[in-house]
1. Residue by residue through segment 222-277, note down the ones that are aromatic (Phe, Trp, Tyr) and in contact (Cβ under 8 Å) with a residue 40 or more places away in the chain.
2. So Glu259 ticks every box in (1) over 23 Å from His46 (Cα atoms); (2) at pLDDT 90 or above; (3) not polar (S, T, N, Q) but one. Which box is left unticked?
3. Would you point out the residue of segment 1-55, among those that are free of Cβ contacts under 8 Å to residues at least 24 places away in the same chain and of a type in the set (Asp, Glu), that is farthest from Ser260 (Cα to Cα)?
4. Would you check which residues across segment 209-251 are surrounded by 13 or more Cβ atoms within 10 Å (Cβ to Cβ) and of a type in the set (Lys, Arg) and list them?
5. Check off (1) of a type in the set (Asp, Glu); (2) more than 28 Å from Arg183 (Cα to Cα); (3) not assigned by TED's automatic domain parsing to the domain that holds Tyr141 for Asp275 and give me the number that stays unchecked.
6. Just checking, how many residues over segment 220-241 are farther than 18 Å from Ile265 by Cα and of a type in the set (Ser, Thr, Tyr)?
7. Please go through segment 214-251 and give me each residue that is of a type in the set (D, E, K, R) and touching a Lys or Arg at 6+ places or on another chain (Cβ under 9 Å), ordered by number.
8. Among the residues of segment 163-174, are any more than 24 Å from Ile239 (Cα to Cα) and either among the small types (Gly, Ala, Ser) or modelled with pLDDT under 90 (or both)?
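The values are calculated or read from the model by the stated rules, or taken from the named source; none is laboratory data. Bear in mind the structure is a predicted one, so any value in this text is a computation, not a measurement. Reconstructed Cβ throughout: ideal geometry from the backbone, glycine too, with neighbour counts over all protein chains shown.
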Amino acid sequence: MMETNEKTYKTSLENITKTYLHGKVPPEEILQCDAPFVKEVVNTRHITTTTLLMLQGIIMKSVEEKWFKEYQDLFPPRPVEVEPVETHVVPRKPSKTITTHLHDSQKRGWIKMISFIKSFCKYRRFVTNAKNLQELTDFIYLEMYNNKENFSSSPTPSARHTPIYPSARNTEPENGEIALVKRRIFGHRIITINFAVNDIYFFSEMEKFNDLVTSAHMLQVNKAYNENDIVLMRSKLNIILKLYLISDLPPKLRVNISESQKDIIFSAITEGHLDRTIFHGAIMSVFPVVMYFWKRFCSWKATRSYIEYIGKKFEDGRNPPKSVYKYPPWSGGDHTVLRFSLLRGIEWFRPQHPRDVLTNSLQNYQKYPKKKKRKNNHAKSRTEVDDSLSASQY
């Protein structure tokens, strides 16, 4: 079982390296293994977990070949036993109850597996639509204010929550400190809710990079591979690293992966790897977080739709604080702002007055479909409605 604590992992790795690889006694002698791979590991600057596991397997084979035979000879030979008369015993058939139980458990397992795969396929189709993706990120934003399941790890207990917006990274409070909101999910894993939206985009970008690797491999097979493909993949890597792993804003790591996984990604890139193994560990770490929030989102959406269908008011237990801004946080306020984001590109915001903000809010509200009202005796005739519509056009 791998160590999950970062400090313990690094300390153990340093002790192993100093004791067995960089000690006074040569590593071939202390490890009792003359394989060339041992010398390669000694000269390696950065030793990863995968390298240690490979070295462990080679040493086990070498020690087994050298000492296992002598170890067996230490024990006395077995006394010769008289073979009893064999009696043919007819193997008992499992009872119908056991067979039925095994069949039912296997069937339930397959049903859960199929439903899980269908749920993930539904998620991939859902996030391809920008409007649906915005709805999902808004839901995760509200999860930061779920006080029943969250706990804060901010240095000061009075620190405010720091929401994370889909089109930008975390905004820092005035004092420069970020109130990180934590939650324990399945597997007793603790994640940071502030980075949950980043996890969704990070997962999507890693999949896109893997698609680039696959297409580059196909081009290489068809002898159409050139330097532009390498430049494209390296540019994609730099964007991912700059946004999520070495951000300009603290903290630098802005996704729910460990520091050791980040170091593995850096070491793989430094060694010149451009394949699907670069982000394998990160995908396996982020995938449960994405599916956790996707499952909660589907349940929340179904509950809200049912309650609204029966005519009741849906009450959400998550209460975000009311905005104290004079202008919306995405506008420039009294100043003109030029902003760039990967989601929307270049955006130009002109100064807005509160009256304009109110007008825009009303226009956005009118976009939502309204419920049909019953016709009454005082309803307008069709000709009157047509006349009013034609007059409004002019």
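1. Correct list: Tyr244 only.
2. Unmet condition: (1).
3. Of everything passing the filter in segment 1-55, Glu29 is farthest from Ser260 (Cα to Cα).
4. Passing the criteria: only Lys236.
5. Asp275 satisfies all of (1) of a type in the set (Asp, Glu); (2) more than 28 Å from Arg183 (Cα to Cα); (3) not assigned by TED's automatic domain parsing to the domain that holds Tyr141 except (3).
6. 1
7. Lys236, Asp248
8. Within segment 163-174, one or more residues are more than 24 Å from Ile239 (Cα to Cα) and either among the small types (Gly, Ala, Ser) or modelled with pLDDT under 90 (or both).
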